[in-house]
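Since the structure comes first, as structure tokens, the remarks are kept for the end.
Taken together, the values in this text are just the output of simple stated rules run on the coordinates, not laboratory data. This is a predicted model, so every value here is computed, not measured. Ideal geometry is used to build each Cβ from the backbone, glycine not excepted, and the neighbour counts take in all protein chains shown.
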Amino acid sequence: MDISWLPKEELISLKLREIFEKSGYKKFKMTKFEEYQLYVEHKSLVNSEKVITFTDTDGKLMALKPDVTISIAKNCSATPEATEKLYYNENVYRTSKETHLFEEINQIGIECLGKIDVNAITEVTTLAWKSLNIISKNFMLDIAHIGILQSIFELMNAPVSLKETILRLLNTKNVFALKKICAESGVNPEYVQLLLEICGIRGDIAKEINKLKALCVNEDMKKSVNELLEINEKLIAEGCKKNIMLDFSIISNVDYYNGIFMHGYVKNLPRVVLSGGQYDNIMKSLNKKASAIGFALYMDELEFEEGMPC
Amino acid sequence: MLNIALPKGRLGNQAYKLLSAKGYECREVYEDTRKLVYESKENGVRYFLVKPSDVGIYVAHGAADLGIVGKDVIMETSPDVYELLDLGFGKCKMAVAAPMDYVENTEKTLRVATKFITITKNYYSSISREVNIIKLHGSIELAPILGLSDVIVDLVESGKTLKENNLHIIKELYPISARLIANKSSFRFKNALINELLGKI
């Protein structure tokens, strides 16, 4: 059957389903609503100022989901012995950071829940790479390891507000302000050098990670660096060699995610189109024993592809 | 080709002077002052002149790859962009000013007139002071004179305007200067061009 007449977004979503199904992921159909209580208990995980709520016929306060991952994590029965692999195509409702109005966002993504080892991380990262490759040949998958930042933060023993400021500056690649803030707050020069190095990193994973290797401050950090190196080797073996880079500016939160974190960009689209990572902390907060990793593609960002200046 | 958003006015002129001296000249800029887009194919650059408070929006949405903008605008609108350089010009400060004889009554809600709602709100909530913010679009100095507000939060460069209106700074909040910002996607796909520009300036 010829389906080439379909709009580009629909063709993309079909091709995405194909690669997810072929990798053993099962479609997960979600209910439209969640109990509002879930988002009260896990407020810090919800990436939105407000949630749309209504009262159900039985008087319960319900919400239109602002996030898919929490719902999947809450409902899964995965354990470290029994891994569950799921994908979804869902709408979420969030407030726009710019207009402060509610918007409907279509997300397609996968979640792998259970025992998350280097092979599972590689599989999910490879699927992220392949998903972007379906959208455009001109894409960029950025990788970072949150464990590296967490090690430094732990050693610094910095107050929460300083950590948040440092993260915000890393997030905006604001090297000069980072230098200033660290000096004003009396951060150990060894850590300052490390943070500045991390802030400036953008390039080939193997090459850049070797720079960090020499600067490792403790065993935890060494472990994270080695994990990143191992994953990189496996990714290369899977054929994901091009269009992949190490860049720590994608990290905006070190509590929600741990381990590998990723962001995907496509040429001529101004905003991030793919976001994901390992989120064992969410699982823990929902009393789950399993670890988990996944990513989501923001399908409505793709509509902008035509008409962007080059 | 790099698309650069410049703020209309003095800051934009200074920014253009810096960029043109470093090899990003665009002759058209001198020829016709009504135009809003200037392009120089040979230097690989296109300039847009936009309202200063809109620079962040043009860059965040990718209409411009780079932008030059005051730190005040970044603080007020927090666009999702990279802040790559402090350019060191356009220096001034964000400050609270009040009439010479003003004494704060801490029993009452403080009335503050300003253009910078978010910055003002964040500052006073950080010190837990109850305020009533009055949004104005210009001539902020007039507000305390007419009794519209107790104090103002505004940019102060030399302090001359304040003095002429019998006002003075009672608290300096943040140092402000011009910043070079970049769209996060452009930074990835035009990395070589952007790094070349960063290296030159």
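With N denoting the number of residues in the stretch B:18-93, provide Rg(C-alpha) divided by 2.2 N^0.38 Å, to two decimal places.
Taking the Cα Rg and dividing by 2.2 N^0.38 Å, one obtains 1.16.
Computed on alpha carbon atoms, what radius of gyration and Dmax characterise the stretch B:75-201, expressed in Å?
Both quantities, over Cα of the stretch B:75-201: 18.1, 57 Å.
In a Gaussian network model over chain A where Cα atoms closer than 10 Å are linked, find which of A:E81, A:E90, A:E230 has the largest mean-square fluctuation.
Fluctuation is largest for A:E81.
Test of understanding: ordering A:I209, B:I127, B:I170 by Cβ neighbours within 10 Å, fewest first, what list do you get?
Listed from fewest to most nearby Cβ atoms, that is B:I127, B:I170, A:I209.
Per the helix-only calculation at 222 nm, which mean residue ellipticity applies to the protein assembly as shown, given -39500 (n - 2.57) for every DSSP H run of n ≥ 4 and division by its residues, nearest 500 deg cm²/dmol?
Rounded to the nearest 500, it is -10500 deg cm²/dmol.
Can you give me the angle between helix A:160-171 and the longest principal axis of chain A, using Cα atoms only, in degrees from 0 to 90, rounded to the nearest 10?
80
May I ask you to list the residues of the stretch B:79-99 whose amide nitrogen lies under 13 Å from a point 7 Å from Cα along the Cα→beta-carbon direction of B:E157?
Those under the cut-off are B:89-93.
Work out the mean other chain Cβ neighbour count within 10 Å for the residues of A:89-96 and drop it here as an integer. Each step should come with its number before you reach the end.
Working: counts 0, 0, 0, 0, 0, 0, 0, 0.
For this peptide, the per-residue mean of nearby foreign Cβ atoms is 0.
If the cut-off is a Cα-Cα distance under 18 Å, which aspartates and glutamates reach B:K171, setting aside same-chain residues fewer than 8 apart in sequence?
The qualifying aspartates and glutamates are B:D72, B:D101, B:E104, B:E130, B:E141, B:D150, B:D154, B:E157.
Give the shape of the protein assembly as shown as rounded, prolate or oblate, defined through the alpha-carbon gyration tensor: a ≥ b ≥ c are the square roots of its eigenvalues, a/c under 1.5 means rounded, and otherwise the shape is prolate if a/b is larger than b/c and oblate if not. Walk me through the intermediate numbers first.
On the way: a/c = 1.68, a/b = 1.43, b/c = 1.18.
Because a/c hits 1.5 or more and a/b exceeds b/c, the protein assembly as shown counts as prolate.
Order the peptides A:27-38, B:56-67 from the highest to the lowest mean number of other Cβ atoms within 10 Å of their residues.
The densest-packed peptide leads the list: B:56-67, A:27-38.
Which whole number gives the average count of other chain Cβ atoms within 10 Å of the Cβ atoms across peptide B:184-193?
Mean number of neighbouring Cβ atoms from other chains: 6.
Got the relative contact order for chain A handy, in percent, Cα pairs under 8 Å and 6 or more residues apart?
Relative contact order, chain A: 21 percent.
Can you return the aspartates and glutamates within cross-link range of A:K74? Criterion is Cα-Cα under 20 Å, with same-chain partners fewer than 8 residues away left out.
A:E34, A:E35, A:E41, A:E84, A:E90, A:E111, A:D255, A:D280
Provide a whole-number value for the mean count of partner chain Cβ atoms within 10 Å of the Cβ atoms in peptide B:59-72. Please report the intermediate quantities before stating the final value.
Values: counts 1, 4, 5, 7, 3, 2, 2, 0, 0, 0, 0, 0, 1, 0.
For this peptide, the per-residue mean of nearby foreign Cβ atoms is 2.
For a test of the definition: using alpha carbon positions, the gyration tensor, and the 1.5 limit on a/c, classify the stretch A:58-137 as rounded, prolate or oblate. Please list the in-between numbers first.
Numbers: a/c = 3.01, a/b = 1.28, b/c = 2.35.
Oblate.
Could you pull out the pairs from B:K17/B:K41; A:K179/B:K135; A:K115/A:K179; A:K8/A:K50; A:K173/B:K8 whose alpha carbons sit more than 30 Å apart here?
Violating the 30 Å Cα-Cα cut-off are A:K179/B:K135; A:K115/A:K179; A:K8/A:K50.
Order the peptides A:131-137, B:17-23 from the highest to the lowest mean number of other Cβ atoms within 10 Å of their residues.
Sorting A:131-137, B:17-23 by mean packing, highest first, produces A:131-137, B:17-23.
Hey, what angle do you get for helix A:118-135 against the long axis of chain A, alpha-carbon based, 0 to 90 degrees rounded to 10?
60
Roughly how many Å is it from the Cα centre of the stretch A:156-179 to that of the stretch B:38-76, as a whole number?
Going from one Cα centre to the other spans 25 Å.
For A:K29 and A:N91, compute 0.36 nm times the residue count separating them, minus their Cα-Cα distance, and round to one decimal in nm.
Using 0.36 nm per residue and subtracting the Cα-Cα distance, I get 21.2 nm.
Can you grab the distance from the C-alpha centre of the stretch A:110-140 to the C-alpha centre of the stretch A:211-238, Å, no decimals?
Taking the Cα centre of each part, the stretch A:110-140 and the stretch A:211-238 sit 18 Å apart.
Let me check I've understood the local charge: for A:F153, count other residues with C-beta under 13 angstrom from its C-beta, Lys and Arg +1, Asp and Glu -1. What total comes out?
Combined, the nearby Lys, Arg, Asp and Glu give -3.
Would you mind calculating the relative contact order of the stretch B:7-130 from Cα pairs under 8 angstrom and at least 6 residues apart, reporting the percent as a whole number?
Computed over the stretch B:7-130, the figure is 19 percent.
What net charge do the residues around A:K289 carry, taking every other residue with its C-beta under 11 Å from that of A:K289, with Lys and Arg at +1 and Asp and Glu at -1? Mind dumping the intermediate values first?
Values: positive: A:K115, A:K284, A:K288; negative: A:E81, A:D280.
Within the 11 Å Cβ shell, the charges total +1.
Packing-wise, with mean Cβ within 10 Å as the measure, how do A:12-21, A:172-181, A:267-276, A:52-61 rank, highest first?
Numbers: A:12-21: 16.5, A:172-181: 18.9, A:267-276: 20.7, A:52-61: 10.4.
Averaged packing, sorted descending, gives the order A:267-276, A:172-181, A:12-21, A:52-61.
Sort A:L229, B:L197 so the one with the fewest other Cβ atoms within 10 Å of its own Cβ comes first.
With the sparsest Cβ surroundings first, the list reads A:L229, B:L197.
Would the stretch A:185-232 count as rounded, prolate or oblate if I go by the C-alpha gyration tensor, calling it rounded below 1.5 in a/c and otherwise prolate when a/b exceeds b/c, oblate otherwise?
The shape class here is oblate.
Most exposed first by the Cβ proxy, i.e. fewest other Cβ within 10 Å, how do B:R179, B:R129 rank?
B:R129, B:R179
Relative to the first principal axis of the alpha-carbon coordinates of chain A, what is the inclination of helix A:146-156, with its axis defined by its Cα atoms, in degrees from 0 to 90 and to the nearest 10?
40
Which percentage, to the nearest 5, of the DSSP beta bridges contained in the protein assembly as shown is antiparallel?
Within the protein assembly as shown, antiparallel bridges account for around 75 percent of the total.
Mean separation of Cα pairs under 8 Å and 6+ residues apart, divided by the residue count of the stretch A:144-201: what relative contact order is that in percent?
Relative contact order here is 35 percent.
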